[in-house]
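Nothing in this text is a laboratory measurement; each read-out follows from the coordinates by a stated rule. Because the structure is predicted, anything quoted here is derived from the model rather than measured. For neighbour counting, all protein chains shown are included, and Cβ atoms are generated from backbone atoms with ideal geometry for every residue, glycine included.
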């Protein structure tokens, strides 16, 4: 039984058309208007949003040294869909930041026009996940690009068909403080904490729903009104009515009952 799931994130952008084009043309999400200066990005035309773009021409770039989004991770259905994502990105000539094998998953990394990190990944079967005792033992090594591309069918699938928001990775000012918040207030369990400068937390035995790192040495909380992450929307079995929490760095979490 699921006790926690990520729904979507909201991103503030000074150029709604530019951001929408990136997420539709490069990533392969579907766009539909969701109100004035607001676009919902979905895996298919009739599914719930994974990302909501909030247009604000006055939004300044996120200041250096502030907490916020490291990347939002879109989980695709399988290796064939990951291969389709890689092929699509290559066709658009958008630069990739990395292609990694984490043991539990294979992942592509890129950056949107506002500097937000985007991960597109596929999970390996749970039985193949590496462990250290009862904890996950994720690694970072080079992805087998040839192996991924070999999984691309003759008729490629739509890369985002069936995709979900798999996890959200945050940059924080204090690892212990953020860890305490996500354990205590969201009820997530630490799944890995031996990765230098980062902690990975999840519910229901997943490898991670939320990750927090201090690699960028953020010294200040989220900058109000800046481009980037505005809110994380999630459903939790711990709540009986909608509520909003704010993490130690000012990141807003909107929770609804699961």
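Figures for the structure shown
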item: Residue list for region 132-156, restricted to those being surrounded by 12 or more Cβ atoms within 10 Å (Cβ to Cβ) and assigned to a strand (DSSP E or B); result: 135, 136
item: Boolean, residue 48 is in contact (Cβ under 8 Å) with a residue 40 or more places away in the chain, crowded, with 23+ Cβ neighbours inside 10 Å and closer than 16 Å to residue 23 by Cβ; result: no
item: Subset of region 53-67 [free of Cβ contacts under 8 Å to residues at least 60 places away in the same chain and either in contact with a helix residue (DSSP H, G or I) (Cβ under 8 Å, 6 or more places away or on another chain) or closer than 25 Å to residue 210 by Cα (or both)]; result: 53, 55, 64
item: Residue count for region 221-258, restricted to those that are more than 19 Å from the chain's Cα centre (by Cα), under 17 Å from residue 179 (Cα atoms) and exposed (fewer than 15 other Cβ atoms within 10 Å of the Cβ); result: 0
item: Strands (runs of 3 or more DSSP E) within region 77-125 that include 3 or more residues under 16 Å from residue 146 (Cα atoms) and either touching a residue at least 60 places away in the same chain (Cβ under 8 Å) or under 15 Å from the mean Cα position of the chain (by Cα) (or both); result: 105-111
item: Top-ranked residue of region 57-75 - restricted to ones that are outside any strand (DSSP E or B) and closer than 24 Å to residue 173 by Cβ, ranked as nearest to the chain's Cα centre (by Cα); result: 67
item: Number of positions in region 127-140 that are touching a residue at least 60 places away in the same chain (Cβ under 8 Å) and over 19 Å from residue 169 (Cβ atoms); result: 1
